[in-house]
Amino acid sequence: MAGGATGGGHSQAAERRLALAGKGGWGGLVHNRRVFAIAIYASLGGLLYGYNQGVFSSVLTMFSFDQRMASAVNDPTTKGWLVSILELGAWFGVLNTGYIADYLSRKWTIFCAVFVFCIGVIVQITAQQPSSIYGGRFITGMGVGSLSMAVPLYNAELAPPEVRGSLVALQQLAITFGIMISFWIDYGTNYIGGTGSTQSEAAWRLPLALQLVPALILGAGILFMPYSPRWLISKGRDEQALKVLSHMRRLPEDHELVQIEYLEIRTQVIFEQEVSQEMFPQYQGGTLYDGFMLGVRGYLSLLTNRVYLRRTAVGTITMFFQQWTGVNAILYYAPSIFGALGLTGNTVQLLATGVVGIVMWIATIPAVIWVDDLGRKPVLISGAFLMGACHIIIAILTALFQSDWGAHGAAGWAACALVWVFAIGFGYSWGPCAWIIVAEVYPLSIRGKGMSIAASSNWMNNFIVGQVTPTMMSNITYGTFLFFGIFSLMGGFYIWFFVPETKGLTLEEIDEAFGDTTGTAVKDEEHQAAIAKRIGLIALLEGRDGSSSPQILDDSEKKIHEENV
C-alpha cells in the first residue's frame, strides 16, 4: 500500500531501507539464509494448521473409528459437534492470543500453544470413547487457534519488511500443503488391517498422532529462536532488540540498514503507546488490571467508533463469507459428500478426497504470485462466482439423480469434478485474498485488534459450518449445495458493491473509500512521521553522507523513548 504525501519521513525510510536491503520477495529469502530459515520455520506452523484442518474428514469415515465412536458418528448432530468443537476451541484460543503474546512474548506463546496442542492430540489418540475425542479436539483447537495467529505474527516481526509478503505466501502454501498431505496419509493408513471389519484402530490413531511430529519440531525449535525485536522494544529492552536485528541481518549493529529497521520498529511501538495514552489515559498504570481494561476498551472502540466500525464490518463480514462458501464443509466431510454424490466404497471416496487437496494446493500458487498485479476484488469476485456456480450445478445434478446414482455414473463423476473445480476456485481466491483484504482495510492504530476480530469471525463461522453441515446433508440433501452456492454468490456481490479495491491506494484514498472524513489513516501516518523525527530516524536519513555508517542513538534520544515505554 502506498503512503500519502504526508508520510514523507516514513516513506523515505522505507525507500532507503529497500535500497540497502537488495533483493526482496522469494529472491530475498534465498539470498539471506537466516531469513530463509525463518521462512522454513514459519511453514511448520502453516503445515500444522492445514494438516489439522484436513485429517479428521477421512478419519470420520474409517470403519474402525465408526465402530469405536459409533454413538457420535452415526447421529448428524453429534457428528457435527465431533468436527466443529475444534473450531470452538480455536475461536477461544485466538481471542486470548493477542494479550498473552504481548505479556509472555511471541516465542513463549508459541511454545505454550504447542504444549496445549500436544495435550489435545494425546487425548485423541488414546481415546476409548467419544467424550475423549470431544475434549481432545477442543484442547487441540485452543492450540491451533493460538498458533494460527502467533506464528505468523512472530515471523513477520522477525523477518525484514521486504520479504514479509513472501512469508505470508509461504504460510498459505504450507496450509494447503498440510491439507493435501493429510488427505493422502488418511488414504494410506485406511489400509492398515484392511478396509472392512478387520481394519486396525491404528488406521485412524496413526494419522492423528502424526500431528505431533511438526508440533514437536515447532515447539523445540522456538526455544532456540530469538525474541521478537518489536516485543523487546515494547518492553524497553532496546539494546537486546538491536542485537537480534544485527544477528538476523548478519550486519554490525551500527550498520545503516540495521539502524533504519531498528528505528522504524521503535517508531511503530511508540506510536501505539501514544495512541493508547491518548484514547485511554485512565489505564496507563501498568498493572494487570490496566492491561486487561486497555484490551477491553480497545476492542469496544471497534464497535463504538463510527470510523472504525465500517472497517471492522468489512473484516468480519469478509471472513463470514469466506467460511459460508462451504469450503470447510468440503474439507471436513469430503468423503461423506463424495459418497452422497454416488462414489461407492470408502477407498474410492478417500481417493477423490485426496484430489481436493492436490488441486487446492496447486491453485494457491498462482494466487500468491499474481494477486498484487490483478488486484483483490477481481480475484475474490471471480472465485465467488465460480464456487457459487459449482455448488448450484451440483445441487441440480443431485436433485435429478440422487435417487439412483448407480444408473447415472457420468452425472455422479461430473458432480465430483465440480467439487474439484470448487477447490480450485477457493484456492486461488478466497483462501489467500480474503486475508489480504482484511490486513489492508484497517488503519494502523487498530490493525492488530481488527485482525484478531476478523480471525475470531473466521473461526466462529468455521465452527458453525462444521456443526450444521451433517444435519443439512441428512435433512435437505441437495439443498445443502444450493445453500452454500447462494452464499458464495452473495459473497461475490458483497465484495463487488461494498468493499473497496485496496491495491495501490494511498492512505488518503483508503480513508475516502471508507467515507472517513477525519482522515484516520493519514493522521496515523503524520503521527508516525512526527515520532520518527523525534527519535532521530529522519536525522539519520538526512545526515548520511555515504562514507560511514551512523552510530547507535545517544543517551538523550534513548531517554525520549524510555519516557514513552
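The values are calculated or read from the model by the stated rules, or taken from the named source; none is laboratory data. Just so it is clear, the structure is predicted and the values come from calculations on it, not from any experiment. We place every Cβ from the backbone using ideal geometry, glycine too, and count neighbours over all the protein chains shown. Accessible surface is based on the protein model in full, side chains and every heavy atom, while ligands, DNA and RNA are left aside. Shrake-Rupley method; radii C 1.70, N 1.55, O 1.52, S 1.80 Å.
Structural remarks
- Computed about its Cα centre, the charge dipole of the range 357-449 is approximately 300 debye, with only Lys, Arg, Asp and Glu carrying charge at their Cβ.
- Note on residue 200 and residue 344: the extension gain reaches 49.7 nm, defined as 0.36 nm multiplied by sequence separation minus the Cα-Cα distance.
- Between residue 306 and residue 103, full extension at 0.36 nm per residue minus the direct alpha carbon distance yields a gain of 70.1 nm.
- Measuring only protein heavy atoms, the 1.4 Å probe finds residue 468 accessible over about 40 Å².
- Across 243/449; 243/523; 107/449; 503/523, pairs whose alpha-carbon gap is larger than 22 Å: 243/449; 243/523
- For the range 313-517, a simple Cβ point-charge model (Lys and Arg +1, Asp and Glu -1, everything else neutral) yields a dipole of about 520 debye relative to the Cα centre.
- Overall, the chain carries a charge dipole of about 1020 debye about its Cα centre when +1 sits on the Cβ of Lys and Arg and -1 on the Cβ of Asp and Glu, all other atoms neutral.
- Each other residue within a Cβ distance under 11 Å of residue 282 adds +1 if Lys or Arg and -1 if Asp or Glu, for a net charge of 0.
- Accessible surface of residue 77, taken over heavy atoms with a 1.4 Å probe and every protein chain present, rounds to 70 Å².
- FRET efficiency estimate (nearest 0.05) - Cβ-Cβ, residue 496 to residue 358, R0 30 angstrom: 0.50
- Signed unit charges on C-beta, dipole axis of the chain, positive-most listed residue 468, 336, 229: 336
- Among the chymotrypsin sites (Phe, Trp or Tyr not before Pro) found in the range 218-306, those both in a DSSP coil and sparsely packed, with 11 or fewer other Cβ atoms within 10 Å of their Cβ, are 224.
- For the range 440-531, the share of accessible area belonging to carbon and sulfur comes to 67 percent (1.4 Å probe, ligands and nucleic acids excluded).
- Taking label points 7 Å from Cα along the Cα-to-Cβ direction, residue 254 and residue 33 give a separation of 2.8 nm.
- Pairwise label distance in nanometres, residue 67 with residue 277, each label 7 Å out on the Cα-Cβ vector: 6.8
- Note that the range 42-47 has calculated 3J(HN,Hα) couplings of 4, 5, 5, x, x, 4 Hz, one per residue in order, obtained from phi through the Karplus relation 6.51 cos²θ - 1.76 cosθ + 1.60 (θ = phi - 60°); glycine and proline are x.
- Residue-wise HN-Hα couplings along the range 278-295, as the Karplus relation 6.51 cos²θ - 1.76 cosθ + 1.60 with θ = phi - 60° gives them from phi, are 6, 7, 9, x, 6, 10, 10, x, x, 7, 4, 4, 4, x, 5, 5, 4, x Hz; Gly and Pro carry x.
- Cα centroid separation - the range 514-529 against the range 247-302, whole Å: 18
- Residues whose amide H comes within less than 5 Å of that of residue 193, counting only those at least five positions distant or on another chain, are 200 (H built at 1.01 Å from N in the peptide plane).
- With all protein chains kept in place, the per residue accessible area of the range 25-228 amounts to 35 square angstrom at a probe of 1.4 angstrom.
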